[in-house]
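Structure, as structure tokens:
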Amino acid sequence: MGKGRKKFIISLALIALLNMALVSAIYFLLSAEYKKKAKVDELKTSILINEKRIENTKRLEDQLAEAKEEKEKIESVFLDKDNLIKFIQELESLAKIANVDMEMKSVEMGFGSVGAKPFFSFTAAGDFSDIYRFLVLIENDPYQIKISRLQLQNLVEGKKWEAGFSVRLLSFK
């Protein structure tokens, strides 16, 4: 029985050794799998963060584009000395729409004083209703103005009228 017992103990030791080797192999494989899963989770988190950054960047670019459009709209109302002709052309266009004859008499720039705004003197001739329509069109023009003087004069009894305008362009930068 000594030999049988020795074989039994050796077999038991070998089985225990094999079990330990198997448990170690399983632990090693699971450990490696856990590390890979942790790395995958880390990469997923990194991808989500980068996607959020891209989304935020796109949103900011859209907001910047909208702000730029709004800024351009606002700036289009303000004229500087290089594009005052645009205002005069606008007045002439409004005169044509209102069916009046407009004549620009003078333009005073007022460069000597700080913050001075251009001053325009012009006349418009036509029927009373057309001159009134011209006045309404000028008031509704996108440029901010101040009508300093408006003088109406009947040239031909009830038919032909002339209006003298003195206008300061307030939306001047």
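As a ratio to 2.2 N^0.38 Å, the alpha-carbon radius of gyration computed for the chain takes the value 2.80. Can you check what the net charge comes to around D41, using other residues whose Cβ is under 14 Å from the Cβ of D41 (Lys, Arg +1; Asp, Glu -1)? Combined, the nearby Lys, Arg, Asp and Glu give +3.
Only loop residues by DSSP count here, and only those with at most 16 other Cβ atoms within 10 Å; note down the GluC sites (Glu not before Pro) in the stretch 122-173 that meet that. Those that pass, being in a loop and sparsely packed, are E157. Once C-alpha pairs closer than 8 Å and six or more residues apart are averaged by separation and normalised to the residue number of the chain, the relative contact order reads 18 percent.
In this label model, Y132 and S11 are separated by 12.3 nm, measuring between points 7 Å along each Cα→Cβ vector. Annotation for the stretch 83-173: chymotrypsin sites (Phe, Trp or Tyr not before Pro) lying in DSSP loop with at most 16 further Cβ atoms inside 10 Å of their Cβ are F111. Among residues other than S148 with Cβ under 15 Å from its Cβ, the summed charge is +3 (Lys and Arg +1, Asp and Glu -1). Given R₀ = 35 Å, FRET efficiency for E108-L64 by Cβ-Cβ distance, to 0.05? The value I calculate is 0.30.
Here the label points at L48 and A32, each 7 Å from Cα along the C-beta direction, are separated by 2.9 nm in the simple model. The Rg/Rh ratio for the stretch 1-53, using Cα coordinates for both the radius of gyration and the Kirkwood hydrodynamic radius, is 1.56. About the Cα centre of the stretch 20-173, what is the dipole size in debye to 20, counting +1 per Lys and Arg Cβ and -1 per Asp and Glu Cβ, all else neutral? Rounded to the nearest 20 debye, it is 780 debye. Calculated mean residue ellipticity at 222 nm for the chain: -22000 deg cm²/dmol, from DSSP H runs with n ≥ 4 weighted as -39500 (n - 2.57), summed, divided by the residue count and rounded to 500.
Less than 5 angstrom separates the built amide H of K160 from those of L155, all sequence-distant by 5 or more or on a different chain. With the simple model of a label 7 Å out from the Cα in the direction of the Cβ, Q89 to D141 spans 1.4 nm. Whole-percent P(r), the stretch 35-132, all Cα pairs, 10 Å bins from 0: 12, 22, 18, 14, 10, 9, 8, 6, 2, 0. Considering only A98, L137, V77, and ranking their Cα positions along the charge dipole of the chain that arises from unit charges at the beta-carbon of Lys, Arg, Asp and Glu, the one farthest toward the positive end is V77. Counted by Cβ distance under 13 Å from S11, the other residues give a net charge of +4, where Lys and Arg count +1 and Asp and Glu count -1.
FYI, it's all coordinate maths here, none of it is from the lab. Quantities reported herein were computed from a predicted structural model and do not represent experimental measurements. For neighbour counting, all protein chains shown are included, and Cβ atoms are generated from backbone atoms with ideal geometry for every residue, glycine included.
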